[in-house]
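The values are calculated or read from the model by the stated rules, or taken from the named source; none is laboratory data. The model shown is predicted, which means the values in this text are computed figures rather than measured ones. Positions of Cβ are generated from backbone atoms using ideal geometry, with glycine treated the same way; all protein chains shown enter the neighbour counts.
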């Protein structure tokens, strides 16, 4: 007689699976597919990347990537935006950018989608904080608030004219109201 | 010509309204009614109150109340369980317990219901933390985890055999697994 067992998938097995679209994430043995991005989500994602890279790329202090898989500490997550300080961007020996990012971002941004679980997105940012990601932003377009997760796992909600915390070397000033004003065309 | 205005309700006006069942909460000018408690919720609520009071009441170090309205810092919330240290329990001049609790609990416990918004419950616990509540527990029966919000707004997730943080004077040891084992009769 044999006993049926349910085989839990490992991170390595997950990484060998074909990519899905939207991307799938892996944490605590679970695979969860991200929701299909919609208008508000895409608008904020592009606007934020553009504004961050405007102050970070030319001066080579950092770069904001969208939908980049980051594999670290037993999980594979795909933050909506992952910002890395310039010197931490993984490179191949040729100097070209690496394809696999096996380190935590310095700053991770998640934009909540209507059908997405708040807890799941917060768990991603907590995983980042526990691995020394300096800043995590959880943007909630529905109530126009941004929850910031700091690297010591403190959380703080920002609203209206609150100025948002940014990586210190980045010469960028942004209020919550400015971020959500991008939603009005 | 007159201009129509939408009048926002104040905390005082909210408090003058008749009580609802389930209770309604007031924060940031918004009234939100709590969901109707279901089996798992009620079981955990009673089990926790009983276990906390077993170590707290006779020795007069504190008391766990269920569904108690706490009004402080511009909001009126009704945590599923509010624990007060004995000396902080509001009293009338006769020595009897007060009816209106206009102070923050020392420890607040929220039990997530299936239809309840994670963010709303977390916001209650953040409001508590910002007002010096020492411990906030957010119990999620679905994935058997407990998120703890500390008074410095740090958050930490506890699972499985993790021992839960308790108010220091309370001689109680509880793991996450123990709490959820109460769900099996």
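For region A:104-145, the set of residues classified as farther than 23 Å from residue A:47 by Cβ and either crowded, with 17+ Cβ neighbours inside 10 Å or touching a strand residue (DSSP E or B) at 6+ places or on another chain (Cβ under 6 Å) (or both) consists of A:104, A:119, A:120, A:123, A:126, A:127, A:129, A:131, listed by residue number.
Given the condition more than 21 Å from residue A:90 (Cα to Cα) and not in a strand (DSSP E or B), answer yes or no: does some residue in region A:51-66 qualify? The answer is yes, given that some residue of region A:51-66 is more than 21 Å from residue A:90 (Cα to Cα) and not in a strand (DSSP E or B). Considering region B:160-185, the residues that are free of Cβ contacts under 8 Å to residues at least 24 places away in the same chain and within 23 Å of residue B:61 (Cβ to Cβ) include one that is farthest from the other protein chains (Cβ to nearest Cβ), namely B:173. Here residue A:23 meets the list (1) more than 17 Å from the chain's Cα centre (by Cα); (2) surrounded by 12 or more Cβ atoms within 10 Å (Cβ to Cβ) almost entirely, failing just condition (1). Taking the criterion of being touching a helix residue (DSSP H, G or I) at 6+ places or on another chain (Cβ under 8 Å) and either touching a residue at least 12 places away in the same chain (Cβ under 8 Å) or more than 9 Å from chain A (Cβ to nearest Cβ) (or both), the residues of region B:106-117 that qualify are B:106, B:108, B:109, B:110, B:111, B:112, B:113. Of all residues in region A:78-95, those satisfying the criterion of being part of a loop (DSSP other than H, G, I, E, B) and touching a strand residue (DSSP E or B) at 6+ places or on another chain (Cβ under 8 Å) are A:78, A:79, A:80, A:89, A:90. Right, residue A:98: without any contact (Cβ under 8 Å) to a residue 40 or more places away in the chain, farther than 22 Å from residue A:22 by Cβ, away from every other protein chain (no Cβ under 14 Å) and in contact with a strand residue (DSSP E or B) (Cβ under 8 Å, 6 or more places away or on another chain) or not? Judged against the criteria, residue A:98 is a match. Of all residues in region A:48-90, those satisfying the criterion of being surrounded by 15 or more Cβ atoms within 10 Å (Cβ to Cβ) and more than 30 Å from residue A:18 (Cβ to Cβ) are A:51, A:52, A:55, A:56, A:61, A:62, A:85. Any chance you could count how many residues in region A:74-88 are more than 15 Å from the chain's Cα centre (by Cα) and closer than 21 Å to residue A:124 by Cβ? Residues that pass the stated criteria total 2. Among residues of region A:125-159 being at the interface with chain B (Cβ under 10 Å from one of its Cβ atoms), in a strand (DSSP E or B) and under 19 Å from residue A:70 (Cα atoms), the one that is farthest from the chain's Cα centre (by Cα) is A:150. Does residue A:12 satisfy being surrounded by fewer than 18 Cβ atoms within 10 Å (Cβ to Cβ) and at pLDDT 95 or above? Considered against the rule, which asks whether it is surrounded by fewer than 18 Cβ atoms within 10 Å (Cβ to Cβ) and at pLDDT 95 or above, residue A:12 comes out as no.
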